[in-house]
Each structure stands twice: as structure tokens, then as C-alpha cells.
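In what follows, a single structure is set out as C-alpha cells and then discussed.
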Amino acid sequence: MADPILVMIFLRGGADSLSLIAPTADADYIAARPEDMRVLRDGDRPGLVLPPALADLDFRLHPAASDLHALFTAGDMSFLHATGLTEATRSHFDAEARIERGGAGGAAGGWLARWLAAARPGGPMPVLAVGTFAPESLRGAMPAVAPQLADLMFLPGKDRKSVV
């Protein structure tokens with residue numbers, strides 16, 4: 001069996017979690033949201049069901065996220081919803097930094113870098129960050145960003161092979 005793959009997507013201010021995965025049985029949620037931002041159980045565009053619902057805690061995925069819903073129902077994806085910080089901060093940027101470090105100010109490096117160091121030290125390519133710089137969650141990890149695709153190597157040692 002192949003090693004499992006973890007794909008972590010950090011939506012930096014790009015998605016409101018209560019619009020992406022909405023508590024459609026919560027009357028306060030419905031009342032507090034503008035009509036065009038509500039995810040509902042029924043109507044012309046109901047939210048996509050995320051089974052199994054516990055009691056009447058019916059969370060639904062936004063109808064525009066049908067590709068994510070397909071991955072979820074196939075068992076290829078999980079959601080870690082309503083996770084966050086134990087201490088309140090009014091700074092969006094401070095909150096992002098704390099989440100990526102996996103704790104408050106004292107955490108050394110990013111949470112993902114610490115996990116990789118423990119789970120797969122020296123793996124051939126344990127992580128790939130797509131972008132021009134490594135995210136804070138990878139701070140402290142072995143190099144994870146290739147300046148060019150040709151620089152990305154899969155095999156360690158003298159038998160290195162390039163992607164292209």
C-alpha cells in the first residue's frame with residue numbers, strides 16, 4: 001500500500017467557514033446572515049448534505065463547492081471545521097500566524113514542519129509547497145519550494161531524477 005497523502009489547503013482570508021460549511025439547523029445563523037449569503041436546507045440551491053448529521057446538527061456544504069462534496073462523499077477528503085485558537089485575537093494576521101505555527105508565540109517553526117520531522121525524517125519528497133515562498137506552517141522544514149520545476153527532485157542521493 002502506498003503511503004497516505006495529506007493535502008492541506010489554508011484559505012488565507014478567501015473563505016468564510018460559516019459560508020463554506022454552514023449550520024443549516026441553527027436559527028441564529030439563518031437570522032444573522034444576509035439572505036444571499038445563507039446556506040439553507042431547502043430552496044432553489046440547498047446546501048450539500050454532509051452525512052452523518054448528529055441529532056439536528058445539520059452542517060451543509062455550500063452548493064458551489066460540489067467538487068469538494070464529491071471528494072468528501074467518496075471518502076477521499078475530511079473537513080476539520082470550527083477549529084481554531086483557544087485565545088481570542090482581534091488581528092487577522094496574528095490569528096493566521098498562530099494557526100500556522102500550531103500554537104501561540106512559543107512554538108518553534110510551523111506545525112507542518114514539526115509533524116514532517118517526526119513522521120518522515122529525510123523522506124525523498126515529504127512536502128511540496130506551491131508558490132513563490134514556503135508558508136509559515138513549513139518554517140523549519142527542509143527546503144520545500146523549488147524555484148523552477150526542473151529543480152524539483154524526487155529521489156535522494158546520486159540517482160536524482162528531475163520531474164521534467
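The values are calculated or read from the model by the stated rules, or taken from the named source; none is laboratory data. Here the structure is a predicted model, which means the values were calculated and not measured. Here the Cβ positions follow ideal geometry from the backbone for every residue, glycine too, while neighbour counts run over all protein chains shown. Side chains included, ligands, DNA and RNA excluded: accessible areas come from the protein's heavy atoms. Shrake-Rupley method; radii C 1.70, N 1.55, O 1.52, S 1.80 Å.
Just wondering, is there one or more residues in segment 58-66 that are open to solvent by less than 60 Å² (accessible area, probe 1.4 Å), among the aliphatic types (A, V, I, L, M) and either under 23 Å from L138 (Cβ atoms) or at pLDDT below 75 (or both)? Within segment 58-66 (the criterion being open to solvent by less than 60 Å² (accessible area, probe 1.4 Å), among the aliphatic types (A, V, I, L, M) and either under 23 Å from L138 (Cβ atoms) or at pLDDT below 75 (or both)), the answer is no, since none of the residues qualifies. With respect to the conditions (1) in contact with a helix residue (DSSP H, G or I) (Cβ under 7 Å, 6 or more places away or on another chain); (2) among the polar types (S, T, N, Q); (3) modelled with pLDDT of 90 or more, S19 lacks only one, and its number is (3). I'd like to know if segment 123-136 contains one or more residues that are modelled with pLDDT of 75 or more, open to solvent by 70 Å² or more (accessible area, probe 1.4 Å) and either in contact with a helix residue (DSSP H, G or I) (Cβ under 6 Å, 6 or more places away or on another chain) or not in a loop (DSSP other than H, G, I, E, B) (or both). There is no residue in segment 123-136 that is modelled with pLDDT of 75 or more, open to solvent by 70 Å² or more (accessible area, probe 1.4 Å) and either in contact with a helix residue (DSSP H, G or I) (Cβ under 6 Å, 6 or more places away or on another chain) or not in a loop (DSSP other than H, G, I, E, B) (or both). Contact map, segment 10-27: residues that are at negative phi and aromatic (F, W, Y) paired with residues that are modelled with pLDDT of 70 or more and open to solvent by 60 Å² or more (accessible area, probe 1.4 Å), Cβ distance under 8 Å, separation 6+ or inter-chain. Pairs shown: F10/I99. Considering segment 38-57, the residues that are modelled with pLDDT of 85 or more and outside any loop (DSSP other than H, G, I, E, B) include one that is most open to solvent (accessible area, probe 1.4 Å), namely V49.
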